[in-house]
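The values are calculated or read from the model by the stated rules, or taken from the named source; none is laboratory data. Source: prediction; values computed, not measured. Virtual Cβ from ideal backbone geometry, glycine too; neighbours counted across all protein chains shown. Each accessible area value is taken on the protein alone, full model and side chains, heavy atoms only, with ligands, DNA and RNA left out. Shrake-Rupley method; radii C 1.70, N 1.55, O 1.52, S 1.80 Å.
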Amino acid sequence: MSANESPAGRQPTATYDSPFMKACRREPVPHTPVWFMRQAGRSLPEYRKVREGIPMLESCMRPELVTEITLQPVRRHGVDAAIYFSDIVVPLKAIGLDLDIKPGVGPVVEQPVRTRADLARLRDLTPEDVSYVTEAIGLLTRELGSTPLIGFAGAPFTLASYLVEGGPSRTYENAKAMMYGDPELWADLLDRLADITAAFLKVQIEAGASAVQLFDSWVGALAPADYRRSVMPASVKVFEAVAGYGVPRIHFGVGTGELLRLMGEAGADVVGVDWRVPLDEAARRVGPGKALQGNLDPTVLFSSTEAVETKTREVLGAAEGLEGHVFNLGHGVMPSTDPDALTRLVEYVHTHTAR
């Protein structure tokens, strides 16, 4: 083991003993660590300024711009972790799929994946396909020092839902039709996406990410039996592929209260919880041996400071008995959120939980 590695493997010692990493490992912390999903984004005027006139996918491929955007909320809010600025469709774009992120709509796929022949377009992802990620993370880890960087990727189900639907969906009728009607094709699609996702996470970890989060944003649309049979094997494959690195693995989805135990069983060290399930109840559902992340309702931040503090105390109270807790919102920061409310929230959690 080299001097700059921790006992857990490849993690640099600079971040190993940070509050965020300790909480992920369910170890005692000096205060509850805080970060926010979508903390680097449209809620920040400095983000809007540097992104002006630059399409989303292009901005994800400029290492110096990615570095600046990722660092902005760390500077402004004093959060305990940075999350790599990217988008879940970046690895799909990197392997040559014709897709774009349309303002006000989201990812749109020119030719949806509907047949077995379409699978041939999903080739393996190589580190050379995303060399800009390696470069950006190198720049970031030098700037961040002891602040951990979270790498991330979209989970196979959520990527599949975009690919099969051709864009965002409220009902996922095409994806579910394939899942129910052609389960072999569906399984092969998710397995291919698991390989691409795992390769994308490996690039981030090898470049210096201290932890990774798998976003299964839309998997809450499924019943537990369908999740276990048709989705969980692919998520397990992703988590197992990066297990040897020793970095904390976080799993998050929206509306997943009925899936929390299964999402933990898929291989996560930390299970993200949205605002619908109190953390003490979430802990009961997930079972022992996992840290939890969450789960203040993002809309609370539009209320008064007093109301934000009251709701925050409720979250922290529900988290008191947890083995490990990372404070976060129950979903991403909303674009019209006042950045100062986020800064105050970080300070409040740090002060209120100081040990």
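Inter-part distance, the stretch 27-95 to the stretch 122-139, computed on C-alpha centroids, equals 17 Å. Taking the Cα centre of the chain as origin and assigning +1 to Lys and Arg Cβ atoms and -1 to Asp and Glu Cβ atoms, the resulting dipole is close to 260 debye.
Take the Cα radius of gyration of the stretch 113-249 and divide it by 2.2 N^0.38 Å, with N its residue count; two decimals is plenty.
Working: Rg = 15.9 Å, N = 137, 2.2 N^0.38 = 14.3 Å.
Cα Rg divided by the expected 2.2 N^0.38 Å: 1.11.
Computed per residue of the chain from DSSP H runs no shorter than four, each worth -39500 (n - 2.57), the mean residue ellipticity at 222 nm is -13000 deg cm²/dmol.
Taking the protein heavy atoms of the stretch 207-355 in the context of the full set of protein chains, the accessible area attributed to carbon and sulfur is 51 percent at 1.4 Å.
Per residue, the chain exposes 41 Å² of solvent-accessible protein surface, assessed with a 1.4 angstrom probe and all protein chains in place. Note on the stretch 71-163: Kirkwood hydrodynamic radius from all Cα pairs is 15.2 Å, rounded to one decimal.
Applying 1/(1 + (r/R0)^6) with R0 = 30 Å to the Cβ-Cβ distance of Glu281 and Arg42 gives a FRET efficiency near 0.40.
Between the helical axis of 305-318 and the dominant principal axis of the chain, each derived from Cα atoms, what acute angle in degrees is found, rounded to the nearest 10? With rounding to tens, the tilt is 80 degrees. What would the Debye equation give as log₁₀ I(q)/I(0) for the stretch 246-322 at q = 0.17, 0.19 Å⁻¹, counting only Cα atoms as equal point scatterers? So the normalised log intensities are -0.63, -0.75. Converting phi to 3J(HN,Hα) with the Karplus coefficients 6.51, -1.76 and 1.60 and the offset θ = phi - 60°, the stretch 116-121 yields 4, 4, 5, 4, 4, 6 Hz in sequence order, with x at every glycine or proline. Applying 1/(1 + (r/R0)^6) with R0 = 51 Å to the Cβ-Cβ distance of Glu184 and Thr305 gives a FRET efficiency near 0.40. If the chain linking Asp340 and Glu258 were pulled fully straight, counting 0.36 nm for each residue of separation and taking away their Cα-Cα distance, it would gain 26.1 nm.
Applying the Karplus relation 6.51 cos²θ - 1.76 cosθ + 1.60 with θ = phi - 60° to the stretch 30-43 yields 3J(HN,Hα) values of x, 7, 5, x, 10, 8, 10, 5, 6, 5, 9, x, 5, 6 Hz, where x marks Gly and Pro. Taking amide H positions as modeled 1.01 Å from N, with prolines and chain starts lacking one, the residues under 5 Å from Gln39 and 5 or more places away or on another chain are Val333. Annotation: the antiparallel percentage among DSSP beta bridges lying fully within the chain is about 20. For the stretch 36-103, the share of accessible area belonging to carbon and sulfur comes to 49 percent (1.4 Å probe, ligands and nucleic acids excluded). Each residue of the chain gets 122 Å³ once the volume of the Cα convex hull is shared out per residue.
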